[in-house]
Amino acid sequence: MPQIQIADRTLTVANIFCVGRNYQAHAAEMGSSIGAEPMVFLKPNSAIVRPGTPLQLPAWSHEIHHETELVVAIGKSGRHIAREDAMQYVAGYALGLDLTARDVQAEAKKKGQPWTLAKGFAGAAVLGQFVPASAIPNPADVSFTLHINDALTQQAHTRDMAFDIPALIAWISDRFGLTEGDLIYTGTPEGVGPIVSGDQLMLQLGNVLHDHYQVA
């Protein structure tokens, strides 16, 4: 089972919850809208890729898109967590990429089939280094960016989330339950698009996190 390190604490990754359509501009660019409740899907933990590992694009897709996201690591298990208690369950934060086989996803949507392959293939959950929750005392007021080949590609501020971190923790814990080691990919801003072999990616969260990747 994959593990993550947050300061001196090691967590074994359990479930990976991913939030779709959590930024209005991204929902609009995808031709969608944001509903009254979060739209959540799962990735297997076998999809995780860590920093320093080249990103391998699957041969069966010709359109792999990047989706840059703030990732929350859950530090203790809980069910039916109240919004006001939610942040007590956060162990740390990272930046990640929800890689998506967009052509495969579009075909699945057309046929009314699940998106599992398009979102959960090996290498689809790119995961940066973690910092403890104390390093980001106000996660509702941080910005993050993605640069590809030194060009700014995505930029977001967490205040623009439709469902903030406490709301996501409360909702997911109520519907699914949360386990120590769970990860929550909290949604991507506008600007998603393709990555290709040779691309150099840099993810940055203020002055706190910097992660670099190369597409093989």
Does any residue of the stretch 65-80 turn out to be among the charged types (D, E, K, R) and more than 20 Å from residue 188 (Cα to Cα)? yes
Residues in the stretch 140-159 that are surrounded by fewer than 20 Cβ atoms within 10 Å (Cβ to Cβ), in a helix (DSSP H, G or I) and polar (S, T, N, Q) total 0
Number of positions in the stretch 4-16 that are touching a residue at least 12 places away in the same chain (Cβ under 8 Å) and either under 16 Å from residue 126 (Cβ atoms) or not in a strand (DSSP E or B) (or both): 6
Looking at 122, 101, which one is surrounded by fewer than 15 Cβ atoms within 10 Å (Cβ to Cβ), small (Gly, Ala, Ser), under 18 Å from the mean Cα position of the chain (by Cα) and over 19 Å from residue 173 (Cα atoms)? 122
Look through 58, 166, 137 and report the one residue that is touching a residue at least 40 places away in the same chain (Cβ under 8 Å), part of a loop (DSSP other than H, G, I, E, B), over 16 Å from residue 41 (Cα atoms) and not charged (D, E, K, R). 58
Please go through the stretch 178-191 and give me each residue that is modelled with pLDDT of 95 or more, surrounded by fewer than 21 Cβ atoms within 10 Å (Cβ to Cβ) and under 21 Å from residue 119 (Cβ atoms), ordered by number. 179
For the stretch 144-163, give me the residue count where each residue is farther than 15 Å from residue 97 by Cα and in contact (Cβ under 8 Å) with a residue 24 or more places away in the chain. 7
Note on residue 86: of the conditions (1) of a type in the set (Gly, Ala, Ser); (2) surrounded by fewer than 19 Cβ atoms within 10 Å (Cβ to Cβ); (3) part of a helix (DSSP H, G or I); (4) touching a helix residue (DSSP H, G or I) at 6+ places or on another chain (Cβ under 8 Å), unmet is (2)
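The values are calculated or read from the model by the stated rules, or taken from the named source; none is laboratory data. Computed from a predicted model, the values in this text were never measured in an experiment. With ideal geometry, Cβ positions are generated from the backbone for all residues, glycine too; neighbour counts draw on all protein chains shown.
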